[in-house]
Protein chains: 2
Amino acid sequence: MPLTLTSLGCASALPARDTYFTAHVLNIRGRLFLLDCGEGTQLRLRQLGISTGSIDHVFITHLHGDHVFGLLGMLSTMHLLNRKQPLYIHAPGGLEKMIAFYFDFLGERKPSFDIFHETVQTDEFLPVLETDTADVYAFPLNHSIPAYGYLFRERPVRKSYPRSVAYCTDTAPRPEIPSWIKGVDLLFHEATFLEQDTVAAAKYLHSTARQAAQTALDAGAGQLLLGHFSSRYKETPAFLAEARDIFPNTELSTEGRTFSVPRRFIQAAAE
Amino acid sequence: MPLTLTSLGCASALPARDTYFTAHVLNIRGRLFLLDCGEGTQLRLRQLGISTGSIDHVFITHLHGDHVFGLLGMLSTMHLLNRKQPLYIHAPGGLEKMIAFYFDFLGERKPSFDIFHETVQTDEFLPVLETDTADVYAFPLNHSIPAYGYLFRERPVRKSYPRSVAYCTDTAPRPEIPSWIKGVDLLFHEATFLEQDTVAAAKYLHSTARQAAQTALDAGAGQLLLGHFSSRYKETPAFLAEARDIFPNTELSTEGRTFSVPRRFIQAAAE
């Protein structure tokens, strides 16, 4: 059964030509989780043939527009498609204002489905959701407003090790993060800047590709995916080179790419 | 000097694969007007190389999400780019709630520019803006919520006739429209449905391609552009065939296409 992470976009606050805002779809054995929802997310889902009807849980890292402005359109489309099952949006406090605006915007029309805002607020590693295929944990990042990373740990399957995926954006390095996501199989980590702009990264509380790679190394991650690239850089290969210097198994999480975490059997691991 | 209308998208409420929501950029002798601003508008502008800094006036036809949800992201980007000149958003009443939400969302941050909401409300043909290159008029459409069409009439230039462009979406046929836009050079008109679905068009207060063509014919328009196609149709050529049967000079206003209105000199016209 698959465990995959699909990139819907890799831009940061300012969109770049042909690049959407950072958002991902995590598929854990057929259950889909949407990670962030910037403007255009529903358009990208449609282009990739991913039905919004398959998404029950949305995880929002923080309330900057490039991570949430796509919610309004996606909720509208779900309503027009006559969705019936509830949608759970896990997000920092403040998102209720957006949902209230959406309801106000609808006026006399009522959404065809229930929307639940599950407020995420924590100073440490905290379980936030249990599903039949995964347990989800939140942990604080280091950004200009409250921002949370998420760890998805697969529910154990007979004779195989549970796999895990972590999602960290937007954030400057924070020393506790590697221990919170220790041994993660797949780590998505923002790399808004290159090392040459470390000062800007610190000022705006973002990471460089090198810093993201250091976090992956310290966490003992299996693979690192980089995204959320600043539009100031015309080319992205430099991010890859900079990170691979520290953490070789790094890839760029560019539009439409899907990364898979293979199932590891206990027997195979013990050989 | 050019007068062009560029399509940013031609989808209706539900996005289709590779199709953005209906929005257009009107260029009247170098002054740009944005007509509607659904989700993804700023991404499409960027892809087409059109700077948001060139846009001073936005005209919103009505407050359905597929025509306005892109405003939040575009305002954010303008702020991040440190825009200084004011932005005027001409829209039906209710848009102030979206602007209020945007300001609330920004929190302590203040936008780098002033945003003015110019409320459009009229039961008849009404002048709403005068600029150095064009006069703009609004007129009521026939939709499920207050919706307005816009007529842009070029300011007279020496020795040439003023050119004009009309923008009509979303609307069912309304008998006064042809007289309000009489002799318009370029008419964008919604065609959400085909004639085979006339009942659905009437129910949801939209137009068929045939009805749009009849409006163009009655108005004595120069050229008709169709858009806002329902996602229920997989192919769009049928819209063209149906409309051309009544109004031959019809084109589909599909993503990225630009339509030009040639300058007509008085001497040439008098020959």
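Remarks
- Among the numbered conditions (1) in contact (Cβ under 8 Å) with a residue 40 or more places away in the chain; (2) on the phi > 0 side of the Ramachandran plot; (3) surrounded by fewer than 22 Cβ atoms within 10 Å (Cβ to Cβ), the only one that residue A:49 does not meet is (1).
- Residue B:44 meets all of the listed conditions (1) away from every other protein chain (no Cβ under 14 Å); (2) touching a residue at least 60 places away in the same chain (Cβ under 8 Å); (3) under 23 Å from residue B:85 (Cα atoms) but one, namely (1).
- Residues of the range A:18-40 that turn out to be under 17 Å from residue B:41 (Cβ atoms), assigned to a loop (DSSP other than H, G, I, E, B) and either away from every other protein chain (no Cβ under 13 Å) or touching a residue at least 60 places away in the same chain (Cβ under 8 Å) (or both), as a count: 2
- For the range A:260-267, the count of residues that are under 16 Å from the mean Cα position of the chain (by Cα) and surrounded by 19 or more Cβ atoms within 10 Å (Cβ to Cβ) is at least one.
- One residue stands out among those in the range A:14-35 that are closer than 23 Å to residue B:52 by Cβ and buried (at least 23 other Cβ atoms within 10 Å of the Cβ): the one that is modelled with the highest pLDDT, which is A:23.
- Matching entry among A:83, A:153 (being of a type in the set (Lys, Arg) and farther than 30 Å from residue B:146 by Cα): A:153
- Every pair of residues 6+ apart whose Cβ atoms lie under 9 Å, when the first sits in the range A:198-216 and is over 17 Å from residue A:231 (Cα atoms) and of a type in the set (A, V, I, L, M, F, W, C) while the second is at pLDDT 95 or above and in a helix (DSSP H, G or I): A:212/A:239; A:212/A:243; A:213/A:242; A:213/A:243; A:213/A:244; A:216/A:178; A:216/A:243
- Any chance residue A:8 is part of a strand (DSSP E or B), in contact with a helix residue (DSSP H, G or I) (Cβ under 7 Å, 6 or more places away or on another chain) and within 14 Å of chain B (Cβ to nearest Cβ): yes
- Test: residue in the range A:229-251 that is on the phi > 0 side of the Ramachandran plot and out of contact with any Gly (no Cβ under 7 Å at 6 or more places or on another chain): no
- Once the range A:55-76 is narrowed to residues that are surrounded by 21 or more Cβ atoms within 10 Å (Cβ to Cβ) and at the interface with chain B (Cβ under 8 Å from one of its Cβ atoms), the residue that is farthest from residue A:148 (Cα to Cα) is A:76.
- Among (1) modelled with pLDDT of 95 or more; (2) within 12 Å of chain A (Cβ to nearest Cβ), the one test that residue B:52 misses: (1)
- Any pair with Cβ under 7 angstrom, 6 or more apart, that starts in the range B:87-114 at a residue that is farther than 15 Å from residue B:70 by Cα and at the interface with chain A (Cβ under 10 Å from one of its Cβ atoms) and ends at one that is assigned to a loop (DSSP other than H, G, I, E, B) and among the aromatic types (Phe, Trp, Tyr): none
The values are calculated or read from the model by the stated rules, or taken from the named source; none is laboratory data. Since this is a predicted model, take the numbers as computed values, not measurements. Positions of Cβ are generated from backbone atoms using ideal geometry, with glycine treated the same way; all protein chains shown enter the neighbour counts.
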